[in-house]
1. Using Stokes-Einstein with the Kirkwood hydrodynamic radius over Cα pairs, what translational diffusion coefficient do you get for region 40-110 at 10 °C and a viscosity of 1.306 mPa s, in µm²/s rounded to a whole number?
2. Quick one: accessible area per residue over the chain, 1.4 Å probe, rounded to a whole number of Å²?
3. Working out 0.36 nm times the residue gap between Thr171 and Glu139, then minus their Cα-Cα distance, what length gain in nm do you get to one decimal?
4. Provide, as a two-decimal number, the C-alpha radius of gyration of region 1-140 over 2.2 N^0.38 Å, N being how many residues it has.
5. Averaging over every viewing direction, what projected area does the convex hull of the Cα atoms of region 58-164 cover, in nm²?
6. Short version: ³J(HN,Hα) in whole Hz for each residue of region 15-21, in order, from phi by Karplus 6.51 cos²θ - 1.76 cosθ + 1.60 (θ = phi - 60°), x for Gly and Pro, what are they?
7. Post the alpha-carbon centroid distance, region 10-59 to region 72-100, in whole angstrom.
8. In whole Hz and in residue order, list the ³J(HN,Hα) couplings for region 116-132 that follow from phi through the Karplus curve 6.51 cos²θ - 1.76 cosθ + 1.60, θ = phi - 60°; x for Gly and Pro.
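The values are calculated or read from the model by the stated rules, or taken from the named source; none is laboratory data. Being a predicted model, the structure only gives us computed values, none of them experimental. Heavy atoms of the whole protein, side chains included, go into the accessibility calculation; ligands, DNA and RNA do not. Shrake-Rupley method; radii C 1.70, N 1.55, O 1.52, S 1.80 Å.
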Amino acid sequence: MNSTKKNGPGRPPRLSRERIVHAALQGGVATLTMRELAARLGVSHSSLYRWVPDRDGVLDLVSEAMVERVLPEDEPGPDTWRDWLERLAWAMHDEFLAVPGYAAHVARPHRHHLESFGRLHDRAVAAFLAGGAGEEQAERNWAVFGLGVVRWLGAAGDGPEEPPFGFYVDTLLRGLPDRRS
């Protein structure tokens, strides 16, 4: 949507993608409504609809921001791919669990934001490729790694005591094939 909207001559916009994401992240996302988000922003819900089409649009913006936060800046290499994936998993842990309901939302089947999910997928697959996995194995590894980390985070705090996250990630990464067989 239009990010150059003005409220009058020389006045900055009251809404922006950044403000919407910031407000959405200030409370739980599991039950977030457009009216609640508009109230957090101090605008009418009809004003909010000029920026995002619906709740799914808000969650898409949140997903874009979260993927940007969790992706390591460096590229994985043959000697660093496992460390890179471990840093990715810990960043997901820290960022996803910092927003009430976000990890559970991501762990449930839903429509993923294709651009942000695609960036996460592509970078993780590149890590497995850097470790020596073939294309097909890298894709399988991503499916196990991505689903495993997200499901662990989504279940954090629910039910019986889960294994410590560091132990879980280490075990998961050691169990994934890294070379062509």
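1. Once the numbers are plugged in, D ends up at 111 µm²/s.
2. That works out to 54 Å² for each residue.
3. Going from the current span to full extension adds 9.7 nm.
4. Against the compact-globule rule of thumb, the ratio is 1.24.
5. On the way: hull surface 27.6 nm².
Seen from a random direction, the Cα hull of region 58-164 projects 6.9 nm² on average.
6. 10, 7, 4, 5, 5, 5, 4
7. 28 Å
8. These are the phi-based 3J(HN,Hα) values: 5, 4, x, 4, 4, 4, 4, 5, 5, 4, 4, 5, 5, 4, 4, x, x Hz.
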